[in-house]
1. Just wondering, is there one or more residues in the stretch 205-217 that are closer than 13 Å to Ala86 by Cα, buried (at least 20 other Cβ atoms within 10 Å of the Cβ) and of a type outside the set (Ser, Thr, Tyr)?
2. Does any residue in the stretch 103-131 that is within 24 Å of Leu90 (Cα to Cα) come within less than 9 Å, Cβ to Cβ, of a residue that is assigned to a strand (DSSP E or B) and at pLDDT below 70 six or more places away or on a different chain, and which pairs are these?
3. Anything in the stretch 34-48 that is modelled with pLDDT of 85 or more and in a loop (DSSP other than H, G, I, E, B)? List them, or say none.
4. Give me the residue from the stretch 142-165 that is among the hydroxyl-bearing types (Ser, Thr, Tyr) and surrounded by 16 or more Cβ atoms within 10 Å (Cβ to Cβ) and, out of that set, modelled with the highest pLDDT.
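The values are calculated or read from the model by the stated rules, or taken from the named source; none is laboratory data. Computed from a predicted structure; not experimentally measured. Positions of Cβ are generated from backbone atoms using ideal geometry, with glycine treated the same way; all protein chains shown enter the neighbour counts.
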Amino acid sequence: MGEGALDQAVDHHEPFFRPWRGRDYVNIGLLVMSESAYGWEDDEGWKSPSADHPTVTVHAVINNFSSEGSLVRRDSGEPSIFRREATRALAGSVHPSRSELIAAWDRCAYSIYVQSSVGNGSDNRPSRAMYEAAQAPFLSLLETLRPRRVVILGLEAWESFPPTQRYLTRDVQAYQLSSGDLVWCIALGHPASLQKWPGWETVHTAINLFSDLQLPAA
């Protein structure tokens, strides 16, 4: 998929990125959102993320997470530190086994907030227009997936999410679906930001507590 096709996606209410859905998502209802994706370079030149980038990312994590807890990155625009730390937080282990990796990602859905590539290379950041264009597709995604809980990895991105309908704290708020059901979200630091990422163990605990927290359903 070329960059132009990605850019066209921001003009529509339907998401460009197709979410990964784990086998146990239907029972658990946990949606994980990352901020954005960007182009990366390989031996053939610059590559742009496709609509299946969330699934490509999850498969890369499961297949390439080594016993040392590092990642071999050659097929994705996500920096390895993001995928490594996010996966550790989901799995609850610094060196998750393959079965633990599969179980961790099977319990959730995963997608990307900004619906266009932010450019080539990890130094690029989403523009205000990109953040604004992501709001309607995100609400459409919620209606499609109907998650019980949403974990948003990126405090800066969270500031640009659509207005919520319920407020608990600055970083714990809810959207109301057309059915009347509430979808509660928690915003956490981005794993690639050393200043804002509290560590995978803290995030693992936060996700579990948030998932078990008794909150209004409607």
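1. Yes, because at least one residue in the stretch 205-217 is closer than 13 Å to Ala86 by Cα, buried (at least 20 other Cβ atoms within 10 Å of the Cβ) and of a type outside the set (Ser, Thr, Tyr).
2. Pairs that qualify, where the first residue is within 24 Å of Leu90 (Cα to Cα) and the partner is assigned to a strand (DSSP E or B) and at pLDDT below 70, are Ser122/Trp40.
3. Across the stretch 34-48, the qualifying residue is only Glu35.
4. My answer is Thr164.
Residue-wise test of (1) at pLDDT 95 or above; (2) in contact with a His (Cβ under 8 Å, 6 or more places away or on another chain).
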position: Asp106; (1), (2): yes, no
position: Gln135; (1), (2): yes, no
position: Ser140; (1), (2): yes, yes
position: Asp181; (1), (2): yes, no
position: Lys196; (1), (2): no, yes
position: Gly199; (1), (2): no, no
